[in-house]
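One structure is given here, and the rest of the page talks about it.
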Amino acid sequence: MNWKPPERKMGEQQLDVLRRCGAVVDPRHRRNHWIRGFAGTGKTVLLVHLAERILAEHDEASICLATYTHALKDLIASGLGRHLAGRTPVMTYYQLLHEGRRYDWILLDEVQDIPAADLRRIRALAGRVVAAGDTDQSIYDKCSTESEIRDCLDLLDPDIVSLETLYRLTQRIRDIACCVVPGSRLEGATTARMQEVEVTLAHAETAERETEWLWERLSRYSRVGKPAAALFSTRKDIRRFLRAVCRLTGAPEPRFQGKDYDAVNEALQRDGVPLQYLGSGHGSLDESDRRSISYVMTYHSAKGLDFETVFLPGLTGRRTFWKDDEAIARRLLFVGLTRSRRNLFLSYHGRELHPYVRDIPDRLLHHVECERPRSGDSGEAPQQELFL
């Protein structure tokens with residue numbers, strides 16, 4: 001996946017933030033920074049470019065790039081390129097704390113997802129910290145608040161640099177996401193995207209029909225170098241979908257063993273099913289550069305990633321994004337909605353649409369019915385074995 005633009009193609013606001021954070025390259029500068037930006041403003045891109053600038057001026061410097069998820073860790077590593085990959089370790093923040101090594105610079109992505117106590121430990125391991133994140137995308141129950149991030153990293157107002165121009169999201173996707181999380185700072189963002197596309201809400205009479213539709217659309221939209229992704233609330237939903245697709249295609253159903261999905265991915269590839277589970281250290285974004293493939297993952301694993309085409313299936317009234325905290329539940333759907341660079345498909349089955357989706361005005365959605373795929377009979381798959 002080609003996700004990291006060269007500096008010459010970055011927006012003026014991004015370049016300005018990079019210049020301001022570039023002051024940390026000066027060894028006399030001892031301040032930490034927080035790159036605060038909305039979904040789609042290029043925070044991760046800036047961290048990778050900043051690492052390159054630091055190493056260009058301080059060849060002997062020790063730098064670590066740390067983030068929350070394994071999938072984002074792998075994406076960042078691919079952006080460094082071979083010439084820097086061996087000099088700049090990329091790891092999850094759990095791995096960073098377990099290692100306990102001190103670095104001259106720690107560049108920390110998704111800072112809002114890290115508990116305050118762990119932020120203090122990370123600060124103690126670094127000469128300087130440059131963090132990136134957005135508190136509107138906090139999707140865990142022990143996330144750091146804005147005031148905690150300021151306190152843990154000893155930040156003053158000049159140390160916080162803001163990104164307010166969207167380079168990934170279209171205006172329509174921005175407006176839809178703001179309907180799900182009213183009052184988000186995203187409402188004040190401007191978009192640099194000139195191209196506007198429809199956001200589709202697809203309805204199916206049954207769960208079986210929705211599964212058929214989703215599988216057919218994933219196959220249609222995925223191309224080499226441009227994979228599509230389907231996001232699910234839980235791994236259980238993913239397992240049900242993968243079993244259903246194998247029944248639809250006539251492939252043997254994969255055998256699931258706990259949280260180990262490597263064997264599942266190997267079986268899917270061996271049996272010619274172009275799907276791969278991505279998350280928790282399983283799956284590889286590089287695989288999409290070698291063959292046409294679609295990814296399935298949880299909303300949590302999708303954090304920090306983006307794809308040209310994204311599907312959010314199973315948005316029925318009974319869908320649970322997060323128990324006991326509606327704010328986190330809404331932010332999870334917000335994260336899912338903002339993973340798309342271009343095409344976004346929402347879908348549900350039955351009579352009842354999820355209330356969060358009902359908050360989206362009809363004028364922002366293109367409504368369609370899930371027609372049966374052209375290939376004919378799809379086989380009999382019990383509805384309870386699909387999304388719910």
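The values are calculated or read from the model by the stated rules, or taken from the named source; none is laboratory data. Quantities reported herein were computed from a predicted structural model and do not represent experimental measurements. Here the Cβ is made from the backbone with ideal geometry for all residues, glycine too, and neighbour counts use every protein chain on show. Note: accessible area is taken over every heavy atom of the protein model, side chains too, but ligands, DNA and RNA are not part of it. Shrake-Rupley method; radii C 1.70, N 1.55, O 1.52, S 1.80 Å.
Taking 0.36 nm per residue of separation and subtracting the current Cα-Cα distance, fully stretching the chain between THR190 and ASP157 would add 9.6 nm.
Counting only protein heavy atoms and a probe of 1.4 Å, the accessible surface of segment 130-192 is 44% carbon and sulfur. Of the trypsin sites (Lys or Arg not before Pro) in segment 304-344, the ones in a loop by DSSP (not H, G, I, E or B) with at most 14 other beta carbons within 10 Å are ARG318, LYS323. So what does log10 I(q)/I(0) come out to for the chain at q = 0.07, 0.11, 0.15 Å⁻¹, using the Debye formula with one equal point on every Cα and no solvent? Scattering profile of the chain, log10 relative to I(0): -0.32, -0.78, -1.38. Full extension of the segment from ARG102 to ARG82, taken as 0.36 nm per residue of separation minus the current Cα-Cα distance, would add 4.9 nm. Basic side chains Lys and Arg get +1 at the Cβ, acidic Asp and Glu get -1 at the Cβ, and with that the dipole of segment 28-178 about its Cα centre reaches some 300 debye. For segment 20-175, the per residue solvent-accessible surface stands at 38 Å², with DNA, RNA and ligands left out and a 1.4 Å probe. Of the solvent-accessible surface of segment 276-343, computed with a 1.4 Å probe over protein heavy atoms with every protein chain present, carbon and sulfur atoms account for 38 percent. The 3J(HN,Hα) values that the Karplus relation (6.51, -1.76, 1.60; θ = phi - 60°) gives for segment 46-61 are, in residue order, 5, 4, 5, 5, 5, 4, 5, 5, 4, 5, 5, 9, 9, 4, 8, 5 Hz. Gly and Pro appear as x. So what does the Cα-only Debye profile of segment 218-342 read at q = 0.12, 0.16, 0.18, 0.19 Å⁻¹, as log10 I(q)/I(0), no solvent term? Summing over Cα pairs of segment 218-342 leads to -0.43, -0.77, -0.97, -1.08. Its Cα gyration tensor gives segment 72-115 an equivalent ellipsoid, and the semi-axes of that ellipsoid, as √(5λ) in whole Å with the largest first, are 19, 14, 9. Under a 5 Å amide H cut-off, with hydrogens placed 1.01 Å from N, THR67 pairs with MET91, THR92, TYR93, ASP109 among residues at least 5 apart or on other chains.
What angle, in degrees between 0 and 90 and rounded to the nearest 10, separates the Cα long axis of helix 12-21 from the longest principal axis of the Cα atoms of the chain? It is inclined by approximately 50 degrees.
Of the cross-linked pairs LYS73/LYS323; LYS4/LYS43; LYS43/LYS323; LYS43/LYS142; LYS73/LYS142; LYS142/LYS259, those separated by over 19 Å at the C-alpha level are LYS73/LYS323; LYS43/LYS323; LYS43/LYS142; LYS73/LYS142; LYS142/LYS259. Calculated mean residue ellipticity, 222 nm, the chain: -9500 deg cm²/dmol, from DSSP H runs (n ≥ 4) at -39500 (n - 2.57) each, averaged per residue and rounded to 500.
Return the whole-Å distance between the Cα centroid of segment 103-132 and the Cα centroid of segment 289-337. So the separation of the two Cα centres works out to 26 Å.
The mean sequence separation of alpha-carbon pairs under 8 Å and at least six residues apart, normalised by the residue count of segment 250-329, gives a relative contact order of 19 percent. Please state the shape class of segment 91-164: rounded when a/c is under 1.5, otherwise prolate if a/b exceeds b/c and oblate if not, all from the C-alpha gyration tensor. In terms of gyration-tensor shape, oblate. For the chain, the longest piece that avoids every one of the GluC sites (Glu not before Pro) found in DSSP loops with at most 15 other C-beta atoms within 10 Å covers 206-351. Considering every alpha-carbon pair of segment 220-259, the percent of pairs per 10 Å bin, from zero through the bin containing the longest distance, is 24, 44, 31, 1. Here segment 159-297 yields Rg over Rh of 1.03, to two decimals, using C-alpha coordinates and the Kirkwood radius.
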